[in-house]
Ligand code: FDA
Ligand code: NAD
């Protein structure tokens, strides 16, 4: 039988967050039946990936599909598979593209099917960095788990059921490390986190911010081992992990190991075909790459961050959503000889665990100014940090903010107000933001 060959006006390669929001925007802008396809190696329609490290792992009332298909994460319509079929948008699932030939505008799947397009949106996201990539001894043992997609989340849920109340070692002190250690603790596991840095999430947190989260986690019973890495693993006769050997010589017992040591943008299919920068596919302010008609959105795009006048890549959901909308609006405007404003993004990151939640807007550069009560034992803990560069506030972090307060810190990060007296800013704290 001849392999499948299909043609579409628009193809979105990848079926994650950016793909879901791009499809919704195509729906809004108008797309004819048969014009658009989403090709995804995942077996399900686009969903809100952040749910996987939060609600999906709750001990009770856990989130499950179809509950969190895009675009519910931003308060939008939930696009069920029926939505795509009603619009005549083809969802080509469980299909991995293994070759992209941009010159002939052809994608080839692992099964040999070919897909041609006029306009391509690359939305392949990131893959996890694995300890096997570094050749860590024993890293291929059973129950050493990662979290990127729903199949990974299901493996974790199965391991949690098989190893009830057991010991978990979390390798990594970033987003995955912090969210997963909380989720596993909530499921009554004995949790130990291990990371090499002097404090958690160093790419965003200052020592003053981390002081709160490390103390809060310790008070919840999570053990934290800093300044070392997993150098090897022990396994039993079945190949199930039993212990983590640390570089400093200590050995931690483990029934499950969850590894969150960072991601890598999935750009390899386009190597040598599209200009790249800072590990991603370089785009303009409309997310068009160096190849006309080929766009890159979400985690894979290195785009002009207008506010800071530099090219950046952002691995967060808010940008995945907004870049998708911007690209589709730009594509549709171009078709009718119009244009849209340049992307003008204000970086926004957030996280939630236990009953705590933080938001961050802007840029964490310059001098940091901690304010508020960051005592993890305090019943009224509420604190934040400003970042001040060249006499202006450029970034704001806030733990425990209300919706209005979070809007206020976003306004500050966008407006970049001048600060005459840093000491006064520390004393004024959140009030400085709520006055802007
Ligand atoms: P995304 O990873 O969502 O989608 C990529 C899609 O492409 C996947 O469906 C993949 O299978 C598919 N694909 C890749 N290569 C392919 C190929 N060759 N052929 C076919 N399909 C292919 N951010 C945040 O701001 N707040 C948060 O709370 C969280 N929480 C969070 C939890 C977890 C567990 C993860 C893994 C990530 C987050 N993030 C987050 C990050 C956020 O989810 C991420 O930035 C976006 O999902 C990026 O959207 P993309 O569409 O670019 O990639
Ligand atoms: P990350 O970059 O946030 O953290 C990686 C951490 O790995 C580092 O902080 C460091 O502590 C640790 N590390 C590095 N090498 C190590 C080693 N050899 N041994 C032990 N620790 C080591 O990456 P992540 O937490 O893996 O997250 C993956 C992706 O998922 C990122 O794109 C992230 O943005 C995204 N994500 C985001 C959120 C959110 O925004 N709330 C939540 C979950 C995941």
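Laboratory data are not the source of any read-out in this text; all were calculated from the coordinates shown. Note that the coordinates shown come from a computational prediction; the quantities given were computed from them, not determined experimentally. Positions of Cβ are generated from backbone atoms using ideal geometry, with glycine treated the same way; all protein chains shown enter the neighbour counts.
Points worth noting:
- Computed on the range 212-331, the Cα convex hull volume stands at 196 Å³ per residue.
- Label zone at residue 236 (point 7 Å along Cα-to-Cβ), backbone N below 15 Å, the range 162-205: 162-168
- Helical mean residue ellipticity (222 nm; -39500 (n - 2.57) per DSSP H run of 4+; nearest 500) of the chain: -7000 deg cm²/dmol
- Computed lengthening from residue 389 to residue 110, 0.36 nm per intervening residue step minus Cα-Cα distance: 95.5 nm
- Along its first, second and third principal axes, ordered by size, the chain spans 65, 61, 40 Å in Cα coordinates.
- Fully extended contour minus Cα-Cα distance, from residue 29 to residue 64, at 0.36 nm per residue: 9.6 nm
- Between the range 319-340 and the range 52-66, the C-alpha centres lie 33 angstrom from each other.
- Hypothetical label at residue 77: residues of the range 5-27 whose amide nitrogen lies under 16 Å (7 Å Cα-Cβ projection): 20-27
- Modelled FRET efficiency - R0 22 Å, residue 290 with residue 264, Cβ distances, 0.05 increments: 0.60
- Length added when fully stretched, residue 134-residue 377, from 0.36 nm per residue minus Cα-Cα: 83.6 nm
- Per-residue Cβ neighbour rank within 10 angstrom, fewest leading, 409, 12, 356: 356, 409, 12
- Neighbour-count ranking [beta-carbon atoms within 10 angstrom, fewest first] of 17, 194, 419: 419, 194, 17
- Taking 7 Å steps out from each Cα toward its Cβ at residue 309 and residue 338 produces label points 3.1 nm apart.
- Approximating the spin labels as points 7 Å out from Cα along Cα→Cβ, the residue 226-to-residue 7 distance works out to 6.1 nm.
- A Förster radius of 51 Å combined with the Cβ-Cβ distance from residue 127 to residue 248 puts the calculated FRET efficiency at roughly 0.95.
- The label-point distance for residue 354 and residue 414, in a model that sets each label 7 Å from Cα toward Cβ, rounds to 3.3 nm.
- Order of 282, 334 - criterion: other Cβ atoms within 10 Å of each residue's Cβ, fewest first: 334, 282
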